Amino acid sequence: MLRAVADFWSAPALSYYGVEDPSLFANLLYTAENVAIAVLLGSAIGVTLGLLSARIWFVRAAIDPIMMT
């Protein structure tokens, strides 16, 4: 527990992995940013394809087999 607290702001051992800022906090922010971007992109793509498949028959014909699996 103490090591995690100490490494939260500065973890020199992480510099061996080639990270820009060797701290757990910086890596936590990097991971959270990647997750947020993936969720936003996935949601935008899903909503767009869902709305298109409700209105356009050939989009529905292409998307439905994927969504039904």
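The values are calculated or read from the model by the stated rules, or taken from the named source; none is laboratory data. For clarity, every value in this text was computed on a predicted model and none was experimentally measured. Because the Cβ atoms are built from the backbone with ideal geometry, glycine has one as well, and the counts that use them run over all protein chains shown. Calculation scope for accessible area: heavy atoms of the full protein, side chains included, ligands and nucleic acids excluded. Shrake-Rupley method; radii C 1.70, N 1.55, O 1.52, S 1.80 Å.
A few notes on this one:
- Per-region count, the range 46-69, residues in contact with a Lys or Arg (Cβ under 9 Å, 6 or more places away or on another chain) and surrounded by 13 or more Cβ atoms within 10 Å (Cβ to Cβ): 2
- Test for Ser43: is it surrounded by 10 or more Cβ atoms within 10 Å (Cβ to Cβ), modelled with pLDDT under 95 and either among the small types (Gly, Ala, Ser) or outside any helix (DSSP H, G or I) (or both): no
- Set Leu28, Leu24: member being open to solvent by 80 Å² or more (accessible area, probe 1.4 Å) and under 22 Å from Trp9 (Cβ atoms): Leu28
- Qualifying residues in the range 1-21 (those that are of a type in the set (A, V, I, L, M, F, W, C) and surrounded by 10 or more Cβ atoms within 10 Å (Cβ to Cβ)) - the one nearest to the chain's Cα centre (by Cα): Val19
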